[in-house]
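Heads up, the thing below is written out as structure tokens.
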Amino acid sequence: MPVTSLAVVPAAGKGDRFGGGKLLADVGGMPLLDRTLQCLLDAGVDQVVVVLPPAGRFDRVRLLGDPHVFVAVNADPSRGMLSSIQVGIAAGDGDPILVLPGDMPFVSSGTVVAILAAYARTPRVVVPRHDGRRGHPVALPGRLRAAILAAPPTATLSQVLAAAGLDRLELDVEDAGVVRDVDVVGDLL
């Protein structure tokens with residue numbers, strides 16, 4: 001049975017469509033990335049690995065100093081999000097492995113708790129679903145660690161999961177935050 005949960009927060013993208021500074025944008029009086037991290041910490045995730053780009057100033061993100069939060073750097077984030085997930089998985093350890101992109105500040109901690117509980121009942125891929133749309137965070141069995149790390153970094157997580165052929169539980173949730181990422185400034189409204 002899982003004793004340690006790991007969350008990987010890919011946050012190394014450029015955010016070009018946002019116009020820069022996306023992860024520092026104000027959301028409810030705190031930087032966007034702090035909001036994303038807060039929901040994981042409030043849900044009781046044991047270890048959170050935030051994957052950042054090689055350059056960037058994140059001084060305002062206070063939760064990067066939390067004892068449960070660790071920073072890893074993706075030396076070449078242009079390879080895609082899976083490369084950041086790989087960096088995060090290599091830097092941490094846990095089962096399940098939650099993946100929550102850094103630009104998803106509207107996920108509730110209650111939803112993360114529900115995903116962890118569903119995983120504890122049946123250790124398999126757990127994907128939240130709102131109004132028929134799949135979202136994040138996704139819970140992955142720790143046994144997928146080697147397959148994810150061995151995949152080409154330019155692949156997608158969906159491709160890795162399809163190749164693994166594992167059963168997936170789609171967990172219906174009321175939380176619209178699971179399908180609400182921030183790509184442009186208007187997504188904060």
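Structure notes:
- Here the spin labels are modelled as points 7 Å beyond Cα on the Cα-Cβ line, and at Ala120 and Ala147 they lie 2.5 nm apart.
- Entry for percent of Cα pairs over 28 Å apart (calculated from the structure that is shown) out of [x] 17; [y] 20; [z] 40: [x]
- Beta bridges from DSSP with both residues in the chain: antiparallel share about 30 percent, rounded to the nearest 5.
- Max mean-square fluctuation residue, GNM over the chain, Cα-Cα springs under 10 Å, options Ala90, Ala55, Ala155: Ala55
- Remark: Asp183, Asp16 ranked as Asp16, Asp183, counting other beta-carbon atoms within 10 Å and listing the fewest first.
- Put in order of Cβ neighbour count within 10 Å, fewest first, the listed residues Val125, Val50, Val99 become Val125, Val99, Val50.
- Calculated [222 nm] ellipticity per residue, helices only, for the chain: -7500 deg cm²/dmol; basis is -39500 (n - 2.57) per DSSP H run with n ≥ 4, divided by all residues, nearest 500.
- Whole-Å distance, taken between Cα centres, linking region 1-69 and region 104-125: 17
- Cα lying deepest toward the dipole's positive end in region 89-189, options Val112, Ala146, Val179, charges on Cβ: Ala146
- Cα-centred dipole magnitude for the chain, charges only on beta-carbon of K, R (+1) and D, E (-1), debye, nearest 20: 340
- Potential lengthening between Asp187 and Arg168 on full extension [0.36 nm per residue; Cα-Cα distance subtracted]: 4.0 nm
- GNM result for the chain, Cα springs below 10 Å: residue of Asp175, Asp95, Asp66 fluctuating most strongly: Asp66
Throughout, read-outs are computed from the coordinates displayed, never taken from laboratory work. Nothing here was measured: the structure is a model prediction, and the numbers come from that model. Here the Cβ is made from the backbone with ideal geometry for all residues, glycine too, and neighbour counts use every protein chain on show.
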